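Below: the structure, in structure tokens.
Computed from the coordinates by the stated procedures, all read-outs in this text should not be read as laboratory data. What you are looking at is a predicted structure, and each value in this text was computed from that prediction instead of being measured. Every residue, glycine as well, gets a Cβ built from its backbone with ideal geometry; the counts of neighbours run over all protein chains shown.
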Amino acid sequence: MGLPTKDVVGVLSDNMRMRGSVLPVPARRATRWARQLGLPKGGPTVIYTGMMYQIIPYIGSLSRLQARVGASSLARFSGLARIANRASRGYGLTLVARPAREERAELDRVPANVVRLLRQAGVDLGYLYEDDLYTGALAYDLGSDQVVASHARRVAAAFARHGVREVITIDPHTTNMLRSVYPRLVEGYDVRVRSYLEVLAERTGEERPPSARRAVVHDSCVFARYEGVVDEPRRLLAAAGVEALEPLQAGPYTWCCGGPAESLYPEKAAAVAGERVAQLSAVARDCVTMCPICLVNLRHASGGELAVRDISEYLLDAGRSEAVVAR
């Protein structure tokens, strides 16, 4: 069993109020990848991570810790844990749930991968650095509406301050919040929002004959059901020479990876993820994801049975192969 719902939601809401994220990660560390690429600050078109890939390893680690504590006698002290987290201004939870360095490094690479892909496609873009704020997706999913509405206005103000007219997102939850949720929360909000998969799909060439690489596609629930992003990843994989295989329950009928329910119901989330792993592994050994929550949940549930990788890795691999052939 998990920890009391009111304490879990309370801690995440507290962090949103205090630090602007459910699990605050120091901005300098979370934006290091952009400085290494020399991205200019601001501009009319920006890449926006919403910190999802950067914080998901912490959320995954926290969920596993939460499941262990919830099954022990320590669960009755969850209220005290919330008080301690407030006293640390939200960073106590981040330290307790610190994931392995290798996992953090892998997820941190995704934003850099996306920028390289967009640059290859001729897209000129900037970045907001410390103003690349978490959108509040998890807090919104858990019903902290007032906290999210206040935070949405803060994000919109950052866009206005930097002259942003178009945002290119890198994950489904940030896409959904900025494109479908924020217009209902922020008066006069008129920023154009597109996933990088949509941007790249508009610019991709003809598909190449499939290579020996085959992979089963796991659709994000949020992309497929709420944002209509289904064909784009398949077209991009085809153009990259990867044969995309379909599992039982795909597209708008995709099966959930178990998240974000793991924050409240870790055992149920693990069971859902385990069932999805069985569906995917029945089709192929390699699996493509396009969401950090899906990536972390499915990889953990598979125990090595599936080789789960983000779609940006597949697409960047194809670009590297072309460069080698050209030389």
Study note, to complete from the structure: In nanometres, the difference between 0.36 nm per residue of separation and the alpha-carbon distance of Ala158 and Arg184 is 7.6 nm
Practice item. With label points built 7 Å along Cα→Cβ from the Cα atoms of Lys268 and Arg192, find their separation and express it in nm. Key: 4.1 nm
Check your understanding: Can you list residues whose amide H is under 5 Å from Tyr48's amide H, if they're 5+ apart or on another chain and H is modeled 1.01 Å from N?
Key -> Ile168, Thr169, Ile170
Point to revise | Sorted by Cβ neighbour density within 10 Å, fewest at the top, the residues Ser144, Ser312 | key: Ser144, Ser312
Exercise for review: Using label points projected 7 Å from each Cα along Cα→Cβ, tell me how many nm separate Gln249 and Asp124, to one decimal.
Suggested key: 4.6 nm
Point to revise | Sorted by Cβ density within 10 Å, fewest first, the residues Thr45, Thr31, Thr289 | key: Thr45, Thr31, Thr289
Study note, to complete from the structure: In nanometres, the difference between 0.36 nm per residue of separation and the alpha-carbon distance of Glu202 and Arg101 is 32.8 nm
Review point. Exposure proxy check: Val191, Val288 ranked by fewest other beta carbons within 10 Å?
Key: Val191, Val288
